[in-house]
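The values are calculated or read from the model by the stated rules, or taken from the named source; none is laboratory data. Not measured: the values here are computed from a predicted model. Reconstructed Cβ throughout: ideal geometry from the backbone, glycine too, with neighbour counts over all protein chains shown.
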Amino acid sequence: MSQERQVTVRVQKVKRNRIRMKLFLFAALAATLLLITIFAKYICPYDPYAQDLSQAMQPPSATHLMGTDTYGRDMLSRVLIGAQTSISSTFALVAIITVFGTIVGIFCGYYGGVVDSVMMRISDICLAFPGLVFAMAVAAILNGGVQNAVIALALISWPKYSRIARSQTLSMKSLPYMQAAQLAGDSALQMIFRHVLPNIVGPILVTSMLDIGTMMMEIAGLSFLGLGAQPPVAEWGSMMSSGRSMLQTYPWIVLSPGLAIFVSVVIFNLLGDTIRDYMDPKNSHSR
């Protein structure tokens with residue numbers, strides 16, 4: 001092996017190990033965040049909904065690490081319990097748009113015809129509107145609430161996945177092994193679930209991971225505007241909205257849930273970027 005080739009191999013190994021270390025680190029951080037979300041009610045130092053006006057507007061201290069709000073509720077406890085609403089609704093939203101969009105895209109790409117034309121025109125209509133504005137209109141019609149916010153965002157967000165799945169399916173239909181499988185007697189459903197779906201799951205997974213942070217901010221945005229979670233439900237966007245008028249006088253009321261959103265979005269975005277790098281075909285030979 002030439003010296004140049006040896007240097008190339010060493011560089012590839014270093015790059016592979018670096019990506020794996022980053023993947024392990026960000027996956028561990030995401031898992032920690034999910035564990036905190038699951039067991040939030042057991043680790044809250046105070047009742048997140050218990051009001052104590054004598055403790056209202058207390059700054060961060062050893063007793064209340066993130067201070068208290070206008071009703072004397074512990075902000076740390078509300079941020080922790082708010083994670084259950086914010087993160088669980090985000091994961092539910094991403095799961096809905098990923099599954100629905102992928103199914104629509106695969107079947108449209110495989111079968112084509114009238115169904116393909118109709119669904120793609122519907123997706124064009126959804127993509128023609130500014131996403132958050134359309135979601136605000138739908139959420140307002142549905143009278144707000146976390147579930148209605150998820151529905152509103154799902155209606156505008158699924159076309160991305162259908163486009164990806166459809167384009168991948170179309171590119172695979174003409175491949176020799178697909179034609180061989182069809183000649184071997186595989187039915188349409190067998191072709192889709194045995195050959196198409198396993199080969200497009202990579203791009204879909206990467207897209208969904210990168211969407212977690214975006215969907216989390218959009219749900220928080222709807223709640224901030226009063227179209228998502230409604231008081232007294234602890235949700236990060238709603239908590240920021242309730243304290244926005246006191247940002248200059250009692251900033252911890254807004255900064256505490258804002259910091260939670262920031263940390264969560266950064267962790268999931270970095271995890272998504274690392275998964276994309278790990279699954280990049282350019283790095284496949286290194287693994």
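What is the number of the single condition among (1) within 28 Å of the chain's Cα centre (by Cα); (2) within 18 Å of Gln230 (Cα to Cα); (3) in contact (Cβ under 8 Å) with a residue 40 or more places away in the chain that Ala92 does not meet?
Of the numbered conditions (1) within 28 Å of the chain's Cα centre (by Cα); (2) within 18 Å of Gln230 (Cα to Cα); (3) in contact (Cβ under 8 Å) with a residue 40 or more places away in the chain, the odd one out for Ala92 is (2).
Does at least one position in the range 124-131 carry a residue that is surrounded by 22 or more Cβ atoms within 10 Å (Cβ to Cβ) and either without any contact (Cβ under 8 Å) to a residue 40 or more places away in the chain or part of a helix (DSSP H, G or I) (or both)?
No, every residue in the range 124-131 fails to be surrounded by 22 or more Cβ atoms within 10 Å (Cβ to Cβ) and either without any contact (Cβ under 8 Å) to a residue 40 or more places away in the chain or part of a helix (DSSP H, G or I) (or both).
So, Ser256, is that one of a type in the set (Gly, Ala, Ser) and in contact (Cβ under 8 Å) with a residue 24 or more places away in the chain or not?
yes
Just to be sure, is Gln6 polar (S, T, N, Q), surrounded by fewer than 14 Cβ atoms within 10 Å (Cβ to Cβ) and modelled with pLDDT under 90?
yes
Among (1) out of contact with any Ser or Thr (no Cβ under 7 Å at 6 or more places or on another chain); (2) part of a helix (DSSP H, G or I); (3) of a type outside the set (Phe, Trp, Tyr), there is one condition Val150 misses while meeting the rest; what is its number?
Unmet condition: (1).
Here is a list: Leu35, Leu80. Which entry is within 17 Å of Trp236 (Cβ to Cβ) and either at pLDDT 90 or above or not aromatic (Phe, Trp, Tyr) (or both)?
Selected residue: Leu80, the only one of Leu35, Leu80 that is within 17 Å of Trp236 (Cβ to Cβ) and either at pLDDT 90 or above or not aromatic (Phe, Trp, Tyr) (or both).
Let me spell it out: the conditions are (1) modelled with pLDDT of 85 or more; (2) loosely packed, with under 15 Cβ neighbours inside 10 Å; (3) more than 30 Å from Leu227 (Cβ to Cβ), and Gln147 meets all of them except one. Which number is the exception?
Only one criterion in (1) modelled with pLDDT of 85 or more; (2) loosely packed, with under 15 Cβ neighbours inside 10 Å; (3) more than 30 Å from Leu227 (Cβ to Cβ) is unmet by Gln147, namely (3).
Name every residue in the range 183-234 that is of a type in the set (Ser, Thr, Tyr) and either surrounded by 19 or more Cβ atoms within 10 Å (Cβ to Cβ) or over 14 Å from Leu132 (Cβ atoms) (or both), in order of residue number.
Ser187, Thr207, Ser208, Ser223
Would it be correct to say that Ser77 is polar (S, T, N, Q), in contact with a helix residue (DSSP H, G or I) (Cβ under 6 Å, 6 or more places away or on another chain) and part of a helix (DSSP H, G or I)?
No.
Taking Ala140 as meeting all but one of (1) touching a helix residue (DSSP H, G or I) at 6+ places or on another chain (Cβ under 8 Å); (2) small (Gly, Ala, Ser); (3) under 30 Å from Gln84 (Cβ atoms), write down the number of the exception.
(1)
Scan (1) surrounded by fewer than 18 Cβ atoms within 10 Å (Cβ to Cβ); (2) modelled with pLDDT under 90 for the single condition Pro251 breaks and write down its number.
(2)
So which pairs qualify, if the first residue must be in the range 39-56 and within 17 Å of Tyr71 (Cβ to Cβ) and among the polar types (S, T, N, Q), the second must be part of a loop (DSSP other than H, G, I, E, B) and at pLDDT 90 or above, the Cβ gap must be under 8 Å, and the two must be at least 6 apart or on different chains?
Pairs that qualify, where the first residue is within 17 Å of Tyr71 (Cβ to Cβ) and among the polar types (S, T, N, Q) and the partner is part of a loop (DSSP other than H, G, I, E, B) and at pLDDT 90 or above, are Gln51/Tyr71; Gln51/Gly72; Gln51/Arg73; Ser54/Gly72; Gln55/His64; Gln55/Gly72.
Which condition from (1) at positive phi; (2) assigned to a helix (DSSP H, G or I) is the one that Ile204 breaks?
(1)
Please state which one of Arg287, Arg244 is exposed (fewer than 14 other Cβ atoms within 10 Å of the Cβ), in a loop (DSSP other than H, G, I, E, B) and modelled with pLDDT under 90.
Arg287
Have a look at Gly185, Gly144, Gly82 and point out the one that is within 27 Å of Gly258 (Cβ to Cβ) and not in a helix (DSSP H, G or I).
Gly144
Could you tell me how many of the residues in the range 174-217 are modelled with pLDDT under 90 and more than 16 Å from Thr102 (Cβ to Cβ)?
Residues meeting the conditions: 16.
How about the range 150-175: which of its residues are closer than 25 Å to Pro231 by Cβ and buried (at least 20 other Cβ atoms within 10 Å of the Cβ)?
Within the range 150-175, Val150, Ala152, Leu153, Ala154 meet the criteria.
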